[in-house]
Structures are given as C-alpha cells and as structure tokens.
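Colleague: I have a structure I would like to understand better, so I am pasting it below and will then ask my questions one at a time.
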Amino acid sequence: MKIIGLTGGIGSGKSTVATMFRDLGVPVYISDEEAKKLMNTSQSIKQNLIALFGTDSYKEGKLNRGFISKKVFNDPELLKRLNNIVHPEVRKHFTQWVAAQNSDYVIQEAAIIFENDSHDRYDQIILVTAPLETRIKRVMKRDGVTAEQVMERVKNQWEDNKKASLSHFVIENSDLKRTRAQVEEIHLKLLKIRT
C-alpha cells in the first residue's frame with residue numbers, strides 16, 4: 001500500500017482536497033485532528049505536556065489549547081519540544097491506522113511534512129497551493145484573526161516554490177471545479193503507480 005503525503009501552507013485548502021480524495025474512496029488521515037484527539041486521550045502525552053507547561057495545560061481533563069498556543073506562539077524552542085512530544089505518538093497512531101486500511105493507497109494530510117523533515121517517509125507527496133492573498137483571506141475568515149496574525153504563521157512554513165521542487169504533484173487550489181479535476185487526475189495516476 002502506497003503512503004501519500006498531502007501538504008500545503010496555511011489556508012491553501014488541504015482539508016478541501018482531503019475531502020475530495022475521501023469522496024473518491026481514499027482513506028485519509030488528518031494529522032492535526034488526530035493529534036488533538038491524542039493530546040486529550042494519551043496518558044503519556046498528557047504527562048509530558050504537564051511536565052513541560054505545568055498543570056494549566058489541562059482544564060477539567062481537557063487540553064487547554066489557548067494556554068499552550070500562547071506559550072509556544074513566539075517561542076520556537078518550546079514549540080519544538082511540544083512537537084517532539086506529540087509527533088512520535090501521532091506517527092505511531094498513523095502506522096496502526098495504515099495497518100487497518102484496505103486500499104491501493106492512503107493519504108496522510110499534514111501541514112509541515114517538509115518543515116519537520118519527514119518527506120522521506122512517503123511514496124509520493126501532493127502539495128496544495130493557492131495565492132497568498134487568497135490564503136490570508138481564508139484563514140482570517142476561518143479563524144477570526146488579523147492578516148498580521150496569519151502572516152506570523154505563514155513565516156513559520158516553507159515557501160511554496162521550495163516545497164514544489166520536492167513534491168510529486170502540485171494542486172493549484174483557487175477554483176473548486178479545477179481543483180476537483182486535478183484531484184481526479186492525480187488519483188488515477190496514483191492507482192497506476194506500483195510500489
């Protein structure tokens with residue numbers, strides 16, 4: 001079974017593309033969603049986060065996302081330590097998930113495949129792109145944040161042209177009809193690739 005990475009900068013529309021692949025019957029693992037679940041259910045993650053951030057990390061047994069976000073927002077070292085706690089558990093969970101699938105290929109949607117140097121784990125990588133202006137507007141609308149706040153997040157990710165040079169497929173996600181056509185085309189190509 002082929003393992004495909006699906007990535008893209010904030011606001012590029014990875015979730016939209018992931019849904020389109022799901023509509024074609026492809027199993028899709030959304031790393032961010034699964035990480036959030038694991039941060040609430042995994043005892044080892046809970047213990048490590050409390051050790052790193054203190055007891056305010058959890059409120060009534062649930063992850064205190066706002067508290068942790070504020071802590072890591074302008075502290076790359078603390079963010080790295082947080083990722084070092086969460087990412088290995090997500091990787092383990094993903095491996096178990098893959099073993100339970102029955103498909104020609106599966107997709108793992110993850111925002112920072114290149115930034116955290118995990119692109120070698122995939123058979124193929126699909127990059128989702130969109131014009132920066134479009135991405136900023138999407139995130140402002142989705143998260144209720146300012147353009148400046150979006151740009152702060154954008155700065156922590158690689159530029160699209162750098163990611164594109166390492167990707168096998170690039171989906172330009174500005175027009176939904178065109179995006180769907182690109183997804184269908186890539187799907188057919190992936191079915192033909194033998195591992």
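Colleague: Could you look through the stretch 157-171, keep only residues that are of a type outside the set (Phe, Trp, Tyr) and crowded, with 16+ Cβ neighbours inside 10 Å, and pick out the one that is farthest from residue 124 (Cα to Cα)?
Modeller: Kept after step one, since they are of a type outside the set (Phe, Trp, Tyr), are these residues of the stretch 157-171: 157, 159-168, 170-171.
Filter once more, so that each one left must be crowded, with 16+ Cβ neighbours inside 10 Å: 157, 160, 163, 167-168, 170-171.
Working: 157: 20, 160: 17, 163: 13, 167: 7, 168: 6, 170: 11, 171: 14 Å.
The qualifying residue farthest from residue 124 (Cα to Cα) is 157.
Colleague: Continuing with this model, one more query. Within the stretch 177-192, does at least one residue satisfy the condition of being crowded, with 16+ Cβ neighbours inside 10 Å, of a type outside the set (Phe, Trp, Tyr) and at pLDDT below 95?
Modeller: Scanning the stretch 177-192 turns up no residue that is crowded, with 16+ Cβ neighbours inside 10 Å, of a type outside the set (Phe, Trp, Tyr) and at pLDDT below 95.
Colleague: While we're looking at this one, here's another question. Considering only residues of the stretch 3-39 that are basic (Lys, Arg) and farther than 18 Å from residue 100 by Cβ, which is modelled with the lowest pLDDT?
Modeller: The selected residue is 36.
Colleague: Take the residues in the stretch 181-194 that are of a type outside the set (A, V, I, L, M, F, W, C) and under 24 Å from the mean Cα position of the chain (by Cα); name whichever of them is farthest from residue 105 (Cα to Cα). Step through it out loud before you land on a result.
Modeller: To start, the set of residues in the stretch 181-194 that are of a type outside the set (A, V, I, L, M, F, W, C) comprises 182, 184-185, 187, 189, 192, 194.
If we keep only those that are under 24 Å from the mean Cα position of the chain (by Cα) too, we end up with 182, 184-185, 187, 189.
On the way: 182: 17, 184: 14, 185: 15, 187: 9, 189: 11 Å.
Top of the filtered list is 182.
Colleague: Looking only at the stretch 67-95, count how many residues are within 16 Å of residue 33 (Cα to Cα) and either surrounded by fewer than 16 Cβ atoms within 10 Å (Cβ to Cβ) or of a type in the set (S, T, N, Q) (or both).
Modeller: 6
Colleague: Let me ask something additional. Kindly check whether there is at least one residue in the stretch 85-103 that is within 16 Å of the chain's Cα centre (by Cα), at pLDDT below 95 and more than 14 Å from residue 31 (Cα to Cα).
Modeller: No, the conditions are met nowhere in the stretch 85-103.
Colleague: Still on this structure: Does the stretch 159-174 contain at least one residue that is in contact (Cβ under 8 Å) with a residue 24 or more places away in the chain, touching a Leu at 6+ places or on another chain (Cβ under 8 Å), within 23 Å of residue 90 (Cβ to Cβ) and not aromatic (Phe, Trp, Tyr)?
Modeller: Checked the stretch 159-174: at least one residue is in contact (Cβ under 8 Å) with a residue 24 or more places away in the chain, touching a Leu at 6+ places or on another chain (Cβ under 8 Å), within 23 Å of residue 90 (Cβ to Cβ) and not aromatic (Phe, Trp, Tyr).
Colleague: Here's something else I'd like to know. Listed residues 107, 136; which is within 29 Å of residue 24 (Cα to Cα) and either touching a Leu at 6+ places or on another chain (Cβ under 8 Å) or among the hydroxyl-bearing types (Ser, Thr, Tyr) (or both)?
Modeller: Details: 136 fails: either touching a Leu at 6+ places or on another chain (Cβ under 8 Å) or among the hydroxyl-bearing types (Ser, Thr, Tyr) (or both).
It is 107.
Colleague: May I ask you to list the residues in the stretch 5-63 that are acidic (Asp, Glu) and more than 30 Å from residue 182 (Cα to Cα)? Quick ask: steps written out before the conclusion?
Modeller: Initially, the stretch 5-63 is screened for residues acidic (Asp, Glu), giving 23, 32-34, 56, 60.
Across the stretch 5-63, the qualifying residues are 56, 60.
The values are calculated or read from the model by the stated rules, or taken from the named source; none is laboratory data. Predicted, not measured: the structure shown is a model, and the values here were computed from it. Every residue, glycine among them, receives a Cβ derived from its backbone with ideal geometry; neighbour counts consider all protein chains shown.
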